[in-house]
1. What base-10 log of the normalised intensity I(q)/I(0) is obtained for the stretch 347-500 from the Debye formula, alpha carbons as equal point scatterers, at q = 0.14 Å⁻¹?
2. Can you sort Val38, Val214 by how many other beta carbons sit within 10 Å, fewest first?
3. Spelling out what I want: for every residue of the stretch 278-289, take phi, set θ = phi - 60°, compute 6.51 cos²θ - 1.76 cosθ + 1.60 (Karplus), and round to whole Hz; glycine and proline get x.
4. Which of the GluC sites (Glu not before Pro) found in the stretch 179-248 are loop residues per DSSP with 14 or fewer other Cβ atoms within 10 Å of their Cβ?
5. What's the exposure ranking of Met422, Met327, going from fewest to most Cβ atoms within 10 Å?
6. Amide H neighbours of Phe96 under 5 Å, at least 5 residues apart or on other chains, H built in the peptide plane: list them.
7. Using Cβ contacts closer than 10 Å as the measure, can you line up Cys157, Cys208, Cys456 from fewest to most?
8. Please report Rg over Rh for the stretch 295-373, where both radii come from the alpha carbon positions and Rh follows the Kirkwood definition.
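FYI, it's all coordinate maths here, none of it is from the lab. Since this is a predicted model, take the numbers as computed values, not measurements. When we count neighbours, we look across all protein chains shown, and the Cβ atoms used for this are built from the backbone with ideal geometry, even at glycine.
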Amino acid sequence: YLIIGYSLCGSKFCIQSNYNKMAVPAETTSFPPLLTIVFGFAAAVVAILFLLKKKRPEDSPPTANLGIPFIGNYIEFAKNPVKFIETGLNNYGEVFTVQMLHKNLTFLLGTEAATPFFSLPDDKMSQSEVYGFMTPVFGKGIVYDAEPKKRSQQMQCVGQGLRSNRLKAYVPKIEKETIEYLKKWGEKGEVNLLDALSELTILTSSRCLHGDDVRENLFAEVARIYHDLDKGVTPISFFFPYAPIEAHRRRDSARQEMIDIFSKVIRQRRESGDNQESRSDILQMYIDFQYKEDGKGLTDEEIVGLLIALLFAGQHSSTITSTWTAMLLLHNPEELKKVIKEQEEIYGGDINKIGKDSIDFDKVASMNALQNAAKESLRMYPPLIMLMRMALDDVETTVKGKKYVIPKGDIVFTSPAVTSRMDSLFPNANSFIPDRFNDAKQSAAFLGFGGGRHQCLGQQFGLLQVKTILSILFRNFALESIEKEIPEPDYAAMVVGPKNRLMVRYTKLPGSVF
Ligand code: X2N
């Protein structure tokens, strides 16, 4: 880098050396073009960072080089992060470190190596440093940006709204939205499944999360604002969350708008004495929530922050999962047959006659084949292809008994996308085999919802939402994929879904509710 820096500088801009004094004509030494200065300066900074870098201890993981020197790692990572990590796994094994500019990224793949990633407490494996790029979306002091005590209480509050006894109340809400939405489809036609399920998912999320009042009076506005927030999470935001770009300006004003809208709703609800009985949505839970220590409630900004975080978390993951699940079932007729047969058993009738029958929590809970299909889709195409932590201390891990020490300060990665395709964990990893989740070992290796200490709080809710939607869809329409191939995942996205459109042909079934 010093060489590049000097030669760039030296070519136009006289540095104090005899060589240049003689070789460069006087007029070109007078004023250096801006680009040259910038380039030279950047190169010098990088060079200094390299020179200052501490040598890593003997027992730290092997260092991988996966592209042309210096910037190759970054380029290969940005092009296709999953392929990048897979190459590392094949060439260096389940633990390796990649230097990206001045940072060390350490990858832990497979159950054994990733154990400390999932099980160590936050003061060793920390989320707040690496997920800081979400803070301008969710807001200051929300989730990853909250101090530990506050965060664990927020998480408890979030968890409560997304678990067991609460879930029963969400099924009729999801059912109502799904039927209203599918009504518009008519007798037969063609749709882009990803777009359709994206629209349907945000409608169902809004009804469960925000409640009937917001869903019925403010949905169009909330959906528009959510769109701006969502577009504010780009690969650029991941590296520079506050870069002065248009997407970030829109993101910031969208968050303010969200606060303005919901502050009014919260005030109205407080004034009219709403409570958990009158409103069975998550917003009401947050309004009534009290922190344990001081009995104080959440501020309006905190409530809105949590609502945004949940909407964001649920929107992409559920849309993507329901789309892949439907698509993979349509491309695997034997597996689709099992799912249809299960619907017929639960509803006690032919698939052509059970569209009118309503759905409830117990029915959804008994849809095991459908759930295995959804989990298998998540295994093959996890929307979160990688998860991250910052090592706040030296952290030990082992691979086949061999010990490695990850130095303090490393950014630690694991990858559900890569781990899920390891044949050692999932035999025939590239085949769609939903029944594999009846096997305890493969079930335990599943990373579609992360795992350990910070495993997904929304997993029951997400599966409930996906299963309810797909049950209603399959009982009311016969579907056929127009696409000959299953599309590739779009690894350039922050939350990874199918790259291309996914057209399906549908025909209303005779026993349909419509
Ligand atoms: C070549 C620059 O660099 O364009 F949301 F309450 C809410 C998400 C963690 C994504 C890591 C890929 C970087 C490509 C760069 C809540 C449901 C959560 C949980 C492309 C040009 C959020 C970072 C993705 C790096 C890949 C963090 C989500 N359940 N949702 N092009 O999740 O949980 C929540 C939790 C992550 C990533 C990347 C590129 C709780 C480039 C230029 C170049 N990744 N990635 N959630 N790339 N370029 C969530 C976990 C949390």
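1. -0.87
2. Val38, Val214
3. So the J values, rounded to whole Hz, are 6, 9, 9, 10, 5, 3, 4, 4, 5, 5, 7, 5.
4. Sites meeting the loop and neighbour criteria: Glu187.
5. Lowest to highest Cβ neighbour count: Met422, Met327.
6. Amide H to amide H, under 5 Å and 5 or more residues apart or across chains, Phe96 pairs with Phe107.
7. Fewest to most other Cβ atoms nearby, the residues stand as Cys456, Cys157, Cys208.
8. Here the Rg-to-Rh quotient is 1.17.
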